[in-house]
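The values are calculated or read from the model by the stated rules, or taken from the named source; none is laboratory data. The structure displayed is predicted, hence computed values, not measured ones. Every residue, glycine as well, gets a Cβ built from its backbone with ideal geometry; the counts of neighbours run over all protein chains shown.
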Amino acid sequence: MERILYFLPEKPQPAWVRYATTTVVMALCIAVQIGLQNLTGFVGLFFLPPGIFAAGLMFDRGSSLYATALGVMFAYLSSIPDAPYVVAASIFAATGAVFELVAEALRTEMEKVVRAEKAKTVLLMELAHRTKNNLAMLSAMMRLHAKHPDVTASEALREMAERVQVMAQVYDHLTIRADRKVVDAREYLTEICQHLTASISGTSPVVIKADADELYIHSEQAVPIAIIVNELVTNGLKYAFPEGRAGLIQVTLRAGDEVVLSVSDNGVGVHRDQREGVGSRIVSLLAQQLGGTITRENNLGSGCSVTLRMPKPAI
């Protein structure tokens with residue numbers, strides 16, 4: 001049934017188009033009605049309601065009302081106004097009103113079905129596109145691991161499993177806003193930090209905290225940001241607190257004119273001659289993908305801060 005909508009004019013149409021077309025439709029219905037009366041001698045208005053229905057289906061309620069008025073006018077001109085005529089005209093007008101409501105309701109429902117079909121198609125295309133991009137991202141990270149002989153196979157697989165888990169956590173927070181698939185950055189960053197805290201529970205005295213502003217971003221930005229946070233926090237856990245040292249890793253997200261994501265710790269800091277590992281290269285590549293920049297600096301006293309600055313995404 002909804003396929004009929006593809007053959008109907010799109011809304012809105014100029015008023016002169018609506019009323020001119022309605023006049024032509026009703027003129028055809030009236031011509032058929034007059035022809036029937038001449039052949040059979042039977043006086044009636046049976047061929048006029050379909051014109052009213054067609055006007056409402058093609059355009060709007062105003063066009064249906066106009067079509068009903070044309071029908072009543074035809075009945076007036078073709079009959080002698082008397083009491084029975086008034087009753088018949090009233091019944092015809094009421095019938096026209098019913099046809100108006102039915103036509104409008106039918107068009108509204110068909111439009112809902114078509115919108116739902118289009119939304120489903122877009123969602124499937126988005127899903128295919130996002131899956132392709134995520135697989136390409138994972139493939140690139142695996143190739144980076146392959147270029148570093150110092151990383152064992154078991155360690156590489158474990159780290160890749162963690163990154164896949166981070167992607168899954170991001171999609172747990174997907175919501176729909178204005179027909180766009182977005183993620184609440186504050187919620188999913190907090191959950192990532194909670195997950196990392198649970199993973200070291202009982203084995204490390206390091207505390208991981210998250211402090212984020214409210215920020216809704218598209219999933220295309222959310223996944224790289226989540227992986228960056230995971231990599232930076234994981235690197236902090238591996239290198240900033242040797243020999244079971246206690247400490248704090250703070251994840252901060254500020255959303256102003258730009259997005260500023262900072263991961264800082266109060267550990268031993270970064271040595272200037274320290275070799276760049278796979279995680280650091282992944283962070284740099286993802287920052288470029290986001291159109292941002294990464295800066296690293298040792299804090300005054302102790303520890304290290306890594307900051308990502310990127311344009312605020314529009315949703």
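Going by the structure shown, is G301 at pLDDT below 85 and either over 29 Å from L157 (Cβ atoms) or among the hydrophobic types (A, V, I, L, M, F, W, C) (or both)? Judged against the criteria, G301 is a match. Among the residues that make up region 276-298, is at least one of them buried (at least 18 other Cβ atoms within 10 Å of the Cβ), touching a Gly at 6+ places or on another chain (Cβ under 7 Å) and not aromatic (F, W, Y)? No, every residue in region 276-298 fails to be buried (at least 18 other Cβ atoms within 10 Å of the Cβ), touching a Gly at 6+ places or on another chain (Cβ under 7 Å) and not aromatic (F, W, Y). Scanning region 59-76 for residues that are part of a helix (DSSP H, G or I) and touching a residue at least 40 places away in the same chain (Cβ under 8 Å) returns R61, G62, S63, S64, Y66, A67, L70, G71, F74. Candidates are the residues of region 230-270 that are assigned to a loop (DSSP other than H, G, I, E, B) and charged (D, E, K, R); the one that is nearest to E159 (Cα to Cα) is R245.
List every residue pair whose Cβ atoms sit under 7 Å apart, with the two residues 6 or more apart in sequence or on different chains, where the first one lies in region 106-117 and is closer than 21 Å to R61 by Cα and the second, anywhere, is modelled with pLDDT under 75 and in a helix (DSSP H, G or I). As it stands, the answer is M110/E2; M110/I4; M110/L5; E111/L5; V113/E2; V114/E2; V114/L5, since those pairs meet every condition given.
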